[in-house]
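One structure below.
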Amino acid sequence: MVFVVNRVKVNWRVPSSEWDAFLNHIHDKHGEISGYVGREVERAMREWIDKDDFAPIEQQVNRLIRAAGRTPANLSQKKSGIDPPAGEDTTTVQCRVDPEVKDEFSSYAKSKTNDRVGAVLARALRERRDGGRANRVLEKLKRISDDAEDLLAELNPDESGLGVRERRTVAICNRLGEQFTRDDLEDAIAAVAGSSDPTIQDYTGRVLDRRECVQHPENPDLFIPESTAREIARTNDHPGPDAPAFHWKDYSSLSKREKIQGLRVELIRRSFSNGGKGQADVATVRQEIFDGKPTDGHTRDLIDRAAEANGFTTASHLGSERIRVDCQRVDSDLLDTAKSIQNDSDPRDRSGNDVDLQADQTGGNPGVASGDPGEIDAQMDAIMSATPVTDGGTEVQND
């Protein structure tokens, strides 16, 4: 006897743009839409609530990855669905699915999130068209393959160089959860490798790299998977892992290279309101750019290293060392990074206070007023198209 399930309409509203993208995905996959919509929607729902046949396989793969001391990628993929912006068109999903799947999906959405069921469905559809569980498992298996080769090499007594530190890193990772506090991390490092400051600093970087974890965008003492941090930053409009490290990491977590790069970008960004030129002395760099965290000696070292890039120089004025920037001479990648940050923020220091970069007395234009972000491109066009004048300064063409 064959039992036929009376399938029911979904009848949940999703953003029209997401629905159209899902239909395009179905057409690209099957060559047509008719007969496949309900099937693909149901598969997306099953995957989202871990009721598909391959959920146990991914769980086993996750166990293997954890055993290697890593965090399984995309563990946090079941985030709260995001409601469409006010005014965005929505579409009612009219295809039919298994009633039990619909009930379980609705129950999951209501118990695990604070979002509309339709918003959670939209996230499930997006995950499905991005490759879904099959793509996640494939990527995780690739990571296991790489780890297996590395671990075998580390455990081989004939191999040199990798063994002790890598094994300690794995042991530290195995003491930590999927997210962990700075205290948790430092306690684990101390238990396995030692508690000296250099040891803590060394293994902090190793563990975070291996676990692919970063600081929480709103809590520098909490470490979470990078994918989670990226989603939180995007949802709450905060700088996240895709932004320069200087703008989202706590000072204590910045590498020296990140501090140097951050100093360069900040000097460029703050010079935009001064005709593209500016300078800062040691006290300004230490207090206003790095919030008073580094010593004077370390600040001078950062200034000297930052001045090695094109467009940056150092000079001494009244016994005080200064770093200068000229946007016409800096590398384009630094300029683009500074412009992107300027367009997303006010000219403020890391504490949120307004800060004016000191005018460069060798040819800057201290009379240029700070403009709103929408004026930055126009300012930079004027700066970059400026014509040289005989006194060594810059003549900016103003309307």
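Laboratory data are not the source of any read-out in this text; all were calculated from the coordinates shown. Bear in mind the structure is a predicted one, so any value in this text is a computation, not a measurement.
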Could you tell me how far the Cα centroid of the stretch 178-254 sits from the Cα centroid of the stretch 293-331, in Å? 28 Å
Given 0.36 nm per residue, what is the gain on full extension from residue 89 to residue 301 after removing their alpha carbon distance, in nm? 70.9 nm
Run the reach check for residue 259 against lysines, Cα to Cα strictly under 16 Å, same-chain hits fewer than 8 apart removed. What comes back? 249, 293
Go through 9/29; 29/142; 256/277; 51/112; 9/112; 29/112 and tell me which ones have a Cα-Cα distance over 21 Å in this structure. 9/29; 29/142; 256/277; 9/112; 29/112
Mind pulling up the Rg/Rh value for the stretch 160-242? Radius of gyration and Kirkwood radius, both on Cα. 1.02
